[in-house]
Structures are given as C-alpha cells and as structure tokens.
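The values are calculated or read from the model by the stated rules, or taken from the named source; none is laboratory data. A quick note: this is a predicted structure, and the numbers were derived from the prediction, not measured. Ideal geometry is used to build each Cβ from the backbone, glycine not excepted, and the neighbour counts take in all protein chains shown.
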Amino acid sequence: MKKTIEIKGLAKHYQKQKIVLRGLDFSLEAGTVHGLVGLNGAGKTTFLNCLLGLQPFDSGDIAILGGNPDQLFSQVGKVVAVFDSPCLHLNLTVHQTLSHARSLCVKPKRTVNELEKLLGLSQYKDYRISQLSLGNRRRTSIAHSLVGEPELVVLDEPFNGLDAAGVDDVIELILNLNRTENTAFLLASHQLSYLEQACSHLSILHEGRIIASDEIKKLLQNKRSKVTIRTQNRSEALIFLKDRSEIRITETQNEYEDSITVELRDWRASDLNCFLVENGIAVDELLLNHPTVSSFFRDATQPHPSNMETFK
C-alpha cells in the first residue's frame, strides 16, 4: 500500500547530551487515520517538528508524500498541520481569518461559509479570535487547515479544550473526510479513548522509539480480557483460583477490599462464575474489562524490560 509517511532510523539529540529520538521507524499508509501516543517526554513534539521540517535531525530518512520535509512548500497545501496552541491573529474575526486563508490557497475547495458550517462556527463568525474559547480557537484552526484539499492532516492534541459535543463533531469530521475524500490523518494526543473512536491505526512512541504500530484491531486481538470479581469470600476464592491454568491472577489489591482481578485465558467470564459458585463462593459482582487502547498503552509503557521485547 502507498505510504503517505515513511521514516527510517530517525535520530535527534540536543547539545550532544539529551537523546530524544533513537533510530525511530514509522510509516503511515495513505487514506488511514493514525494515532500517535506517548508518555510526557517521549519525543512526540520533536518527532512532529522533524516530520514537518521545523527542526533538523541528526540521522535517518523522512519521506512525506514522497518528498523531503524541507521541501513541503512545494506540495502546495497537500500537507497541513494544526498544533496544540492555535496560531491565529488575535485581532481578526473568524470570518476574516478564514477569508484570508482562502485568499492564500492556490486551489481552495471550500467557501468560508462552508468551513464555518463544517466546524460549527457560523454563530461565532464575527467574533475576534481573542474573544473565542480555546475549543472554538481549535475549531477555527482546523477549519483553517481545510480550506484546500489536503492529502495529509497532522493534528497535535486535536481534542484539547473541546467539550463533549465538540469532540464528537471533530471525530465525525475526521471520519467523514477520511471516508469521502480519502484524507489521511496523523493525530497526536494523550486522550486515548478519543483516539480509539477516531483511528484505524496506532503507534506508541516510548523512550525515543516506536515500540508498537499496527491496526488497532490487530494490536488488541491478542490481548486477553480481564475480570474483576467481588466476593465476601475473597480469601477462599484466592485459594481456589491460584493454581487454575485457565486464568491468571493479576491483582489482589483493588479499590474494593473484596475484589480480585484475573486475566482470562481459556475461560469465559461465565465459566469463572460457575467455577466459583460450584465451589461455594458467592459472587457479588463480575466486572468484565475488554482490551482497550488505554489498557494496551499502559501495558506497553510499563517500566518492565520484558515489555520492550513483547511490543517491538
């Protein structure tokens, strides 16, 4: 499949001491919505700056739409980016901001009124940028990026400052543009539940390297579900469960003193419940937790050496 972004061996350090990116490999397939996540200090901002030609890097190769980052201007709007802090002229109104962007676009696709409607900004069209909430500044920034017809949209923390309705609107917009115009997106965010709704693919940046990258459904398919058992007979339940090969006890200390968390191997939750009841253990509650992007991310970034091998 055609690659919108292809990165090999990207390395970056500051003052020859602080190594931020350590031979990083990454690819983004055309027409996909790809999430990028990492702990604070993992190198996401440096990664985006190198990708977009805003910072030099020490070694490695970056191809974005087949070209070099420092030649993005020649792509004439095919790559656009919206950063965490919206960079808009504070004294212009929303309508003026979008009109100015459209006047600079070589091949504008949408009118200013269409952009305002697309991002739910019509009622704020005469507000100055300085008068807008952070969420509406972010909406305006995204509208600004969609004046033309980009092949790749890079969004840094796209959900910050948005209320629940705003998040839903932005996710719907991303999915619609991806579906109808085959627009590729790279979303860098800490808000994993939103990425799970919006993205088809996910990469985890950890300690300067990509330690997991694939379709989300493939990343999660080999992760086992967990069940939290609440019972007044906790100590007896532990005796019966500790040697069962069908499950693995992962937690015995939870927020509830009467609970145990286990990972299912060959049992379903109903099998576990039947086993406990048949052995005289009254079960007050079973809480089934399916694998999620959040749980996968926590497991992948836990400071255990074995994890680094598992997710490479």
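Numerical summary
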{"read-out": "Residue among Ile247, Ile260, Ile239, Ile229 that alone is among the hydrophobic types (A, V, I, L, M, F, W, C) and either within 18 Å of Pro291 (Cβ to Cβ) or outside the structural domain of Leu286 (by TED's automatic domain parsing) (or both)", "value": "Ile247"}
{"read-out": "Any pair with Cβ under 6 angstrom, 6 or more apart, that starts in the stretch 10-35 at a residue that is under 17 Å from Glu181 (Cα atoms) and assigned by TED's automatic domain parsing to the domain that holds Ser193 and ends at one that is assigned to a loop (DSSP other than H, G, I, E, B) and not polar (S, T, N, Q)", "value": "Glu29/Met1; Ala30/Lys2; Val33/Cys199"}
{"read-out": "Test: residue in the stretch 47-58 that is crowded, with 16+ Cβ neighbours inside 10 Å and within 14 Å of the chain's Cα centre (by Cα)", "value": "yes"}
{"read-out": "Odd one out for Gly9 among (1) among the small types (Gly, Ala, Ser); (2) at pLDDT below 95; (3) more than 21 Å from Tyr194 (Cβ to Cβ)", "value": "(2)"}
{"read-out": "Residue within the stretch 72-94 that is β-branched (Val, Ile, Thr) and either under 17 Å from Leu205 (Cα atoms) or in a helix (DSSP H, G or I) (or both) present", "value": "yes"}
